[in-house]
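Read the structure below first, then the notes.
Every read-out reported here was derived from the displayed coordinates using simple, explicitly stated rules and does not represent laboratory data. Since we're looking at a predicted model, the values are computed, not measured. Here the Cβ positions follow ideal geometry from the backbone for every residue, glycine too, while neighbour counts run over all protein chains shown.
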Amino acid sequence: MIELLQYEFMRRALIAAVLVGLVTPVIGTFLVQRRLALLGDGIGHVALTGVALGLLTSTSPVLTAAVVATLGAVLMELVRVRTRTSGDVALALLFYGGIAGGVLLIGLTPGASNATLTSFLFGSVSTVGEQDIWIVGALAVGVLTVLAVFGRELFVLCQDEEVARAHGLPVRFLSILLAVTAALTVVIAMRVVGVLMVSALMIVPVAAAQQLSRSFRVTVGLAVLIGLLSSLGGLTTAFYSDLAPGATIVLLALAVYCVAVVVGGLLRRATARRGVPPLPQGTGGPTDTMPQTDRGRVTP
Amino acid sequence: MSAQFDGARSTSPDAPAAFQIIDAHAAYDGVPVLDGVDVEIPVGRTLAVLGPNGSGKSTLMRAMLGIVPLTSGEIRVHGTPLKRFRDWRRIGYVPQRLTAGGAVPATVREIVASGQVARRRRLSLPTRADRVAVDEALAAVDLGDRAGDSVRELSGGQQQRVLIARALAGRPDTFVMDEPMAGVDADNQRALAEAISRLRDQGSTVVLVLHELGPLEEVIDRAVVLEHGRVVHDGAPPKATGACARPGHEHQHPHPDPNDPDAHPEIIPTRGARP
């Protein structure tokens with residue numbers, strides 16, 4: 001670990017990895033709760049358009065990605081609410097538009113090659129510059145501040161939008177806030193794991209933590225721990241074994257998930273033997289209740 | 001177990017009605033669902049909204065909370081038009097849900113405490129009073145010993161009680177509950193009926209959307225029956241034989257053939273024989 005720190009680029013990479021490991025699982029927990037686990041993927045694709053725009057105009061790609069991803073997130077939220085498009089279709093539109101725009105713009109950029117595209121698709125943490133670190137650091141502080149200030153409202157929103165409305169909460173504002181926060185998180189994580197795997201760091205640590213936890217708070221805490229473990233462990237392993245860092249980080253997180261599934265199963269069996277009702281598998285609830293009869297929106 | 005809620009702040013006879021619904025119209029995709037509903041619910045009353053599926057009772061309840069917009073008409077909450085109403089801490093909403101939890105695990109206590117979202121300040125830790133309110137809400141639905149458990153570990157009826165406790169935790173004085181008895185076993189139904197009866201005794205306003213009166217018959221002092229988005233009965237709760245058996249009931253049969261044995265209004269407890 002010491003020799004790792006001798007390299008300037010590795011020190012920067014490790015800082016980026018810590019920020020990513022810390023921030024992504026927190027926002028990820030809210031997205032999973034809201035059943036928008038793939039939102040990060042959609043925004044990631046849009047961020048690629050932003051990156052290409054940055055390369056084309058010789059601006060910092062991280063900054064342009066932040067702007068374009070934010071706009072994309074707001075747009076998706078509006079498409080979801082205003083038009084008769086369901087959440088998953090709105091996401092799909094975002095996927096296609098983002099990736100097509102990115103590929104088109106990179107093709108227009110003089111000097112940009114397939115290697116440039118690949119480095120943003122799959123991450124290139126070793127090329128993180130000092131300016132990137134400052135931007136990523138500022139974004140991380142921003143995201144954590146938003147979640148600290150609005151956490152309680154976002155919990156209610158992600159739990160049950162209708163209840164949030166009946167509490168008088170500003171549902172549209174909170175939805176857009178969450179989407180924008182997710183967009184900024186995507187940009188933070190983009191340099192480390194690439195836009196195609198960005199969402200993995202939001203979702204996989206949360207999926208692993210869910211296996212071991214009974215409470216929302218503990219899930220967030222565990223997810224952050226798993227996120228940090230995966231990003232730092234993955235980066236170190238990649239350095240010593242000369243592997244692709246982004247892919248190593250994601251595969252390590254998936255390995256932790258597999259371990260968590262086994263350990264969670266054993267824990268459930270142990271508590272069941274002690275006569276405590278077991279943690280149920282999956283997210284299914286009781287089946288003997290009346291189905292919801294939500295007919296959708298009322299047209300004004 | 002009797003919890004003291006500081007609700008029912010305005011029980012004076014001069015207090016404006018908890019809900020005042022004036023000529024409310026609403027439509028889904030141009031199909032009218034509410035067709036001129038007028039209902040006034042004074043403070044401190046326990047009122048049931050009854051009617052068959054598709055009668056508009058759930059839409060009326062959602063419109064009362066601003067969840068669905070009206071196409072015309074007006075709704076006033078505690079004297080204030082809904083659009084300008086800001087005192088949301090007075091309202092406790094119990095939605096009809098399959099489960100009380102979300103996709104991420106949460107403890108019973110976390111869910112119940114989230115009901116205080118309208119009264120808690122940002123970035124503040126729960127005060128002693130907040131914690132006491134959560135404890136009392138849990139006790140009121142008899143789930144005090146399950147506070148630390150994951151909501152997913154509870155039965156459907158217990159989860160329904162969690163949803164009621166969540167509404168109680170904000171210490172509102174006006175409750176709106178959507179079919180709180182749906183899919184709940186007999187024991188849990190009794191526990192729920194007791195909790196609602198205590199709310200009534202404390203002077204709270206309780207509006208219940210119900211498919212049937214069931215064990216709540218005792219606690220309800222007024223019933224509004226909707227059919228095709230119109231009020232067809234407003235007064236004493238109909239007996240279990242159905243509203244159609246009441247004298248003076250304006251009979252609007254939803255089916256064309258009155259001799260059709262299947263054509264009974266669904267306020268007759270067809271769902272009563274659930275396991």
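Table for the structure above
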item: Sorted by Cβ density within 10 Å, fewest first, the residues B:Ile91, B:Ile41; result: B:Ile41, B:Ile91
item: Exposure proxy order (Cβ contacts within 10 Å, fewest to most) of A:Asp160, B:Asp135; result: B:Asp135, A:Asp160
item: Relative contact order (%) - criterion: Cα under 8 Å, at least six apart; region: region A:37-93; result: 31
item: Potential lengthening between A:Arg82 and A:Ile15 on full extension [0.36 nm per residue; Cα-Cα distance subtracted]; result: 20.1 nm
item: Inter-site label distance for B:Asp145 and B:Arg122 at 7 Å from Cα along Cβ, in nm; result: 4.2
item: More than 33 Å apart - percent of Cα-Cα pairs taken over region B:19-245; result: 16
item: Rounded if a/c under 1.5, otherwise prolate or oblate - region A:10-199, Cα gyration tensor axes; result: oblate
item: Distant-in-sequence amide H partners of B:Gly92 (H built 1.01 Å from N, under 5 Å); result: B:Thr174, B:Phe175, B:Val176
item: Mean Cα-pair separation over length for region A:10-199, i.e. relative contact order, pairs under 8 Å, 6 or more apart, %; result: 39
item: Sites matching GluC sites (Glu not before Pro) across region A:1-110 that sit in DSSP coil, with at most 15 neighbouring C-beta atoms within 10 Å; result: none
item: Highest average packing first - A:185-193, A:148-156, B:169-177, Cβ atoms within 10 Å; result: A:185-193, B:169-177, A:148-156
item: Estimated [θ] at 222 nm from DSSP helical runs (n ≥ 4, -39500 (n - 2.57)) normalised by residues in chain A, nearest 500; result: -26000 deg cm²/dmol
item: Contour minus Cα-Cα distance for A:Ala148 and A:Leu243 (0.36 nm per residue); result: 30.6 nm
item: Label-to-label distance, nm, for residues given as A:Leu229 and A:Glu3 (7 Å Cα→Cβ offset); result: 2.7
item: Phi-based couplings in Hz for region A:99-116 (Karplus 6.51, -1.76, 1.60; Gly and Pro marked x); result: 5, 5, x, x, 5, 4, 5, 5, x, 7, 7, x, x, 7, 10, 4, 5, 4
item: A:Val89 paired with B:Asp23, simple spin-label distance in nm, labels 7 Å along Cα-to-beta-carbon; result: 3.7
item: Hull shadow area, averaged, the protein assembly as shown [alpha-carbon convex hull, nm²]; result: 29.6
item: For region A:52-76 and region B:165-183, distance of Cα centres in Å; result: 45
item: Estimated FRET transfer efficiency when R0 is 35 angstrom, pair B:Arg222-A:Leu63 (beta carbons, to 0.05); result: 0.05
item: Built amide H within the under 5 Å cut-off of B:Gly36, gap 5+; result: B:Ala24, B:His25, B:Ala26
item: HN-Hα J in Hz across region B:144-154 - Karplus 6.51, -1.76, 1.60, θ = phi - 60°, x for Gly and Pro; result: x, 7, 10, 3, x, 7, 5, 4, 5, 7, 8
item: Potential extension, B:Asp14-B:Asp38 segment - 0.36 nm per residue separation minus Cα distance; result: 6.6 nm
item: Note, ³J(HN,Hα) from phi for region B:130-135, Karplus 6.51, -1.76, 1.60, rounded to Hz, x at Gly and Pro; result: 4, 5, 4, 4, 5, 4
